[in-house]
Amino acid sequence: MTASHIPQRRVAVYCGSANGNNPAFLAEARALGEAIAAAGLGLVYGGACVGLMGAVADAALAGGAEAIGVLPEVLAGREIAHTGLSSLELVSTMHERKARMAELADAFLVLPGGYGTLEELLEVVTWAQLRLHAKPCILINTAGYWDGLLKFLDTAVTAGFLKQKNRELMRVAASAEEAVGMVVGGLS
């Protein structure tokens, strides 16, 4: 295949639609967008212009990366749709959003966020456990944000509800740069 016929490799990023109260969260989101662009990857994310979501997209776009947003129509009406993306796909439901993001992505990277971020993360890791995909699922543990979740997962292993081999499906990176390096190494 010639370079122009090689499909674009993309990472889905799950993260908050808020900035959080630690400046490290916003800085890491920007660093992730920059690292995605520098690695020649494309971004797939939730399509918003606010919070960590907007910061990742803006940084990826500034670095020359393709950025695809997937946004439910109900949220587009709240004026949070990012209008400067390579493409913005509007879908009917949150379920369609998650399925489309998974379809477009070769890996999943997760920054801090709330319920939605956690739900998206656990869904893609569950799909990996069920062997519905074999794409990397990587938490970026900015400022120890995910320490409580990681401890809980270790408790689930100890209690016999999660097999160690499945616990290992959720990989952890200390930084955006490390996470993108893990993706690039895993996709080559």
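Here Gly113 clears all of (1) at pLDDT 95 or above; (2) farther than 22 Å from Ala173 by Cα; (3) part of a loop (DSSP other than H, G, I, E, B) except the condition numbered (2). Tell me, please, whether a residue that is aliphatic (A, V, I, L, M), modelled with pLDDT under 95, more than 18 Å from Ala179 (Cα to Cα) and in a strand (DSSP E or B) can be found in region 58-77. Scanning region 58-77, I find at least one residue that is aliphatic (A, V, I, L, M), modelled with pLDDT under 95, more than 18 Å from Ala179 (Cα to Cα) and in a strand (DSSP E or B), so the answer is yes. Selection of region 59-81 for residues being under 18 Å from Gly40 (Cβ atoms), surrounded by 12 or more Cβ atoms within 10 Å (Cβ to Cβ) and either without any contact (Cβ under 8 Å) to a residue 40 or more places away in the chain or of a type in the set (Ser, Thr, Tyr) (or both) yields Ala59, Ala60, Leu61, Ala62, Gly63, Ala65, Ala67. Checking each residue in region 106-131 for being closer than 17 Å to Gly46 by Cβ and without any contact (Cβ under 8 Å) to a residue 12 or more places away in the chain picks out Tyr115, Glu119, Leu122.
All of (1) under 19 Å from Ala176 (Cβ atoms); (2) buried (at least 19 other Cβ atoms within 10 Å of the Cβ) hold for Ala143 with one exception: (2). In region 36-48, the residues that are without any contact (Cβ under 8 Å) to a residue 12 or more places away in the chain and buried (at least 24 other Cβ atoms within 10 Å of the Cβ) never reach a residue that is outside any helix (DSSP H, G or I) and basic (Lys, Arg) with C-beta atoms less than 9 angstrom apart, at least six apart or across chains.
Just one of (1) touching a residue at least 24 places away in the same chain (Cβ under 8 Å); (2) surrounded by fewer than 19 Cβ atoms within 10 Å (Cβ to Cβ) fails for Ala134. It is (1).
Can you confirm whether Arg10 is farther than 22 Å from Ala174 by Cβ, at pLDDT 95 or above, of a type in the set (D, E, K, R) and out of contact with any Pro (no Cβ under 8 Å at 6 or more places or on another chain)? Yes, satisfied.
Checking each residue in region 58-73 for being of a type in the set (A, V, I, L, M, F, W, C) and in contact with a Ser or Thr (Cβ under 6 Å, 6 or more places away or on another chain) picks out Ala67, Ile68.
Looking only at residues of region 124-153 that are of a type in the set (S, T, N, Q) and assigned to a helix (DSSP H, G or I), we find that the one that is farthest from Leu111 (Cα to Cα) is Gln129. I'm trying to understand the selection: among the residues of region 82-99, which are polar (S, T, N, Q) and surrounded by 12 or more Cβ atoms within 10 Å (Cβ to Cβ)? Within region 82-99, Ser86 is the sole residue that qualifies. Does region 153-176 contain any residue that is crowded, with 18+ Cβ neighbours inside 10 Å and under 14 Å from Ala29 (Cα atoms)? Taking every residue of region 153-176 in turn, at least one turns out to be crowded, with 18+ Cβ neighbours inside 10 Å and under 14 Å from Ala29 (Cα atoms). Per this entry, Glu103 is not counted among residues that are surrounded by 13 or more Cβ atoms within 10 Å (Cβ to Cβ), part of a helix (DSSP H, G or I) and of a type in the set (D, E, K, R).
The values are calculated or read from the model by the stated rules, or taken from the named source; none is laboratory data. Note that the structure is predicted; figures quoted are calculated from it, not measured. Neighbour counts run over all protein chains shown; Cβ positions are idealised from the backbone, glycine included.
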